[in-house]
1. Do you know which residues across region 143-158 are at pLDDT below 95 and either touching a strand residue (DSSP E or B) at 6+ places or on another chain (Cβ under 8 Å) or surrounded by 21 or more Cβ atoms within 10 Å (Cβ to Cβ) (or both)?
2. Across region 100-128, what is the total count of residues that are closer than 11 Å to Leu88 by Cβ and of a type in the set (S, T, N, Q)?
3. Run Gly154 past the list (1) out of contact with any helix residue (DSSP H, G or I) (no Cβ under 7 Å at 6 or more places or on another chain); (2) in a loop (DSSP other than H, G, I, E, B); (3) farther than 21 Å from Trp275 by Cβ and report the number of the one that doesn't hold.
Amino acid sequence: MVATGINALDPTELARLSSMALRARVIVEGAFAGLHHNPSLGSATEFAEHKEYAPGDEIRRIDWKVVGRQDRYYVKRFEDETEMRTFLVLDGSASMGYGRRGVSKLMYAGFLTAALAYLLARQGDPAGLLIYDQTMRRYLPPSGRGGHIRELLGTLDTLEAGGTTNVASALERVADLAQRKSVIVVFSDLLDVEAGNNKADTAKGPTAEALTQLSARGHDVVVFHILDPDEIDLPFDEVTQFMGVEPGDDRNIVVDAADLKASFRNESAAFQSRWRQTCLQAGIEYRLVTTQDAPGAVLRSFIAARSKTKL
């Protein structure tokens with residue numbers, strides 16, 4: 001028997017399940033257990049026509065302006081807008097492999113990616129997957145064909161961290177692939193992509209520019225900034241050796257971690273703030289999550305917020 005309460009969706013417990021397909025189903029069903037309506041990313045609708053009110057129609061759909069003119073009750077009828085495609089963009093670089101306790105950032109990002117893909121498939125909306133490091137490692141275009149979701153979840157089952165990060169290149173590739181308005185969801189730690197003055201209020205460099213350009217083109221962009229708790233609040237108290245994890249990063253230093261705690265915490269908070277402010281200014285949804293957060297709770301909060309904005 002699978003526990004479905006939000007509090008039961010612990011990342012380490014999810015990692016013990018046999019496949020990403022099972023994890024995705026458990027996350028989605030657990031996150032929305034007890035709701036009396038189907039969870040949705042908030043698919044937009046547009047007005048189609050009026051029809052005369054009949055018993056059973058929703059009162060909130062009554063168009064009171066028309067009632068005033070016609071002296072009869074009419075309700076608005078809506079139709080779905082053009083099918084919205086979603087691109088799930090997943091950072092598979094070496095830094096995403098960090099996970100001293102529990103699951104790695106990459107595995108956690110895989111949980112969220114799989115859950116969103118599963119939810120979209122259940123809604124009948126096409127979702128694509130792009131996994132990258134320095135170059136695009138794997139791409140599955142958005143599709144509603146039978147078997148697509150199985151292929152996508154199967155791909156996530158084989159995730160391995162490796163290579164250096166080039167988020168900007170991946171986003172430029174998505175810009176080429178998304179020929180019309182799409183939802184673009186990025187999962188990354190964003191650790192190696194800042195450039196320029198670290199004292200600035202916003203993140204600088206190619207990735208910030210690429211994200212801003214995607215939003216300016218009318219795409220609905222979401223950034224899940226995924227960090228390990230160690231990257232938010234340094235947990236070490238003794239002399240510790242720190243080494244670079246990505247190819248070409250030869251940094252190797254030994255320091256007394258206790259002396260770094262305060263400055264590390266401040267710089268991590270500033271790092272998060274810069275990305276939050278960059279996304280805010282560009283009209284991008286920014287969500288900071290850690291690998292200890294329950295994926296079901298993260299998903300439920302995300303969907304609930306988006307549903308409110310689409311009503």
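The values are calculated or read from the model by the stated rules, or taken from the named source; none is laboratory data. Computed from a prediction, not measured in an experiment: that's the story for all the values here. Don't worry about glycine lacking a Cβ; one is built from the backbone with ideal geometry, like all the others, and counts go over all protein chains shown.
1. Result: Ser143, single match.
2. 1
3. With (1) out of contact with any helix residue (DSSP H, G or I) (no Cβ under 7 Å at 6 or more places or on another chain); (2) in a loop (DSSP other than H, G, I, E, B); (3) farther than 21 Å from Trp275 by Cβ applied to Gly154, the lone miss is (2).
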